[in-house]
Amino acid sequence: MIHIAYPLMFLLLLLPFVVRYLFSPLKGMHGDALHVPFLKDLANINLKSGSVWGQVNVSDSSKLSLHFWELFAVFALLVCAMSRPQWVGEPIRIHSQSRDVLLVMDISNSMEEPDFVINRRPVSRLNAVKKVAGEFIDRRADDRIGLILFGTRAYLQSPITYDKAAVKQILYSMQAGMAGNSTAIGDALGLALKSLKDSPNAQDKVIILLTDGENNDGAITLPQAIKLAKEAGVKIYTIGVGGDRRDFSSFFGLRLGGEVDEAGLKQIADDTSGTYFRARDTESLQQVYAAIDELEPTQNEDNFVQETKEYYYIPLLAALVLGMLLVWQIRKGR
């Protein structure tokens with residue numbers, strides 16, 4: 001389909017006729033003539049008094065008419081080029097896949113427990129989470145990602161954004177204990193729900209909660225957080241991270257390793273239409289994020305694109321050729 005980008009440009013075609021009838025002829029030292037300093041070869045074209053677009057003083061009046069309309073054709077072709085003729089294809093609906101995903105991560109001191117392995121070397125839970133979550137962010141190319149870190153307090157480190165490089169930079173720089181030693185899961189979920197409240201995606205809001213402990217601090221209880229999530233229609237996927245609890249009390253009176261509140265995390269996921277996952281090592285943690293990565297994306301069908309090809313160069317080249325032909329005719333008839 002042919003489309004003109006700037007159709008009002010065609011009003012310029014009236015300009016020569018407006019000039020002819022509204023303005024007086026030029027008067028100078030050479031009499032009533034149109035002075036064209038950049039084309040000496042046009043010096044033999046003299047305009048009679050009374051009109052800028054008047055007749056050329058030559059014996060053949062038809063030659064005047066020919067030159068006039070050739071000049072006008074060049075001008076008309078330039079106007080056509082300025083109007084930007086285009087070929088526009090049929091509109092194509094874009095099926096974009098987009099979600100708002102908010103990562104809520106526990107960075108209490110227990111996340112320093114070195115019960116994960118990467119490249120056959122023991123690493124802390126937190127370092128394993130950094131690596132796997134960073135890979136997860138890279139795969140969510142069409143989603144907006146946000147990040148909340150929590151311990152005793154919850155902090156919004158990155159609001160929902162398409163700038164995944166910034167989110168990953170914050171993710172890699174986090175350290176255990178930065179937000180306190182206890183675990184305020186309810187407060188973290190409350191902050192996450194508040195952050196998603198003004199999201200433009202009405203239905204596709206997802207929270208991924210990762211923790212290695214239980215809710216033992218904060219002002220919001222888990223039942224309260226679940227109620228808020230259900231009212232907001234936000235799906236929560238929960239991940240309990242860390243190896244099985246090791247109890248050495250019979251030998252030393254000590255208990256090493258954190259205890260995941262699996263019952264509480266399952267309830268959060270079940271009541272919000274999410275899923276609870278248990279990650280005891282790096283491989284299972286990768287499998288967890290791979291499973292979440294398979295979430296059915298939202299089809300956004302409100303956007304369209306149209307293929308466009310520009311054809312302004314065709315009348316522009318035609319004007320150049322016709323102008324050169326006109327100059328050659330004038331030189332030949334001199």
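Quick notes on this structure:
- Apportionment of accessible area to carbon and sulfur, region 183-223, percent (1.4 Å): 47 percent
- Extension gain, Trp328 to Tyr21, is 107.6 nm, computed as 0.36 nm per intervening residue step minus the present C-alpha separation.
- Efficiency of FRET between Asp293 and Trp87 - r from beta-carbon atoms, R0 41 angstrom, step 0.05: 0.50
- Heavy-atom accessible surface of region 120-169: percent carbon and sulfur, 1.4 Å: 46 percent
- All C-alpha pair distances within region 133-240, sorted into 10 Å bins from zero, spread as 14, 48, 34, 5 percent across the bins.
- Based on protein heavy atoms only, region 77-162 ends up with 44 Å² per residue of surface accessible to a 1.4 Å probe.
- Listed residue pairs exceeding 27 Å between alpha carbons, taken from Lys194/Lys266; Lys168/Lys227; Lys197/Lys266; Lys164/Lys227: Lys168/Lys227; Lys164/Lys227
- Near Arg153: Cβ cut-off under 13 Å, other residues only, Lys/Arg at +1 and Asp/Glu at -1. The net charge is -3.
- Compared with the alpha-carbon gap, the fully stretched path from Tyr6 to Val117 is longer by 33.6 nm at 0.36 nm per residue.
- Averaging the Cα positions of each part gives two centres, and for region 265-285 and region 212-230 these lie 15 Å apart.
- Theoretical gain in end-to-end length, Gln175 to Leu13 [0.36 nm per residue, Cα-Cα removed]: 51.3 nm
- For region 132-176, the average shadow cast by the Cα convex hull is 3.1 nm², which is a quarter of the hull's surface.
- Inter-label distance for Thr152 and Tyr311, nm, one decimal - labels placed 7 Å from Cα along Cα-to-Cβ: 7.3 nm
- Residues Ala219 and Asp270, FRET efficiency given R0 of 25 Å [Cβ-Cβ distance, rounded to 0.05]: 0.60
The values are calculated or read from the model by the stated rules, or taken from the named source; none is laboratory data. These numbers were taken from a predicted model, which means no experiment stands behind them. Methodologically, a virtual Cβ is constructed for each residue, glycine included, from the backbone with ideal geometry; neighbour enumeration extends over all protein chains shown. These area figures cover heavy atoms from the full protein model, side chains too; ligands, DNA and RNA do not enter into them. Shrake-Rupley method; radii C 1.70, N 1.55, O 1.52, S 1.80 Å.
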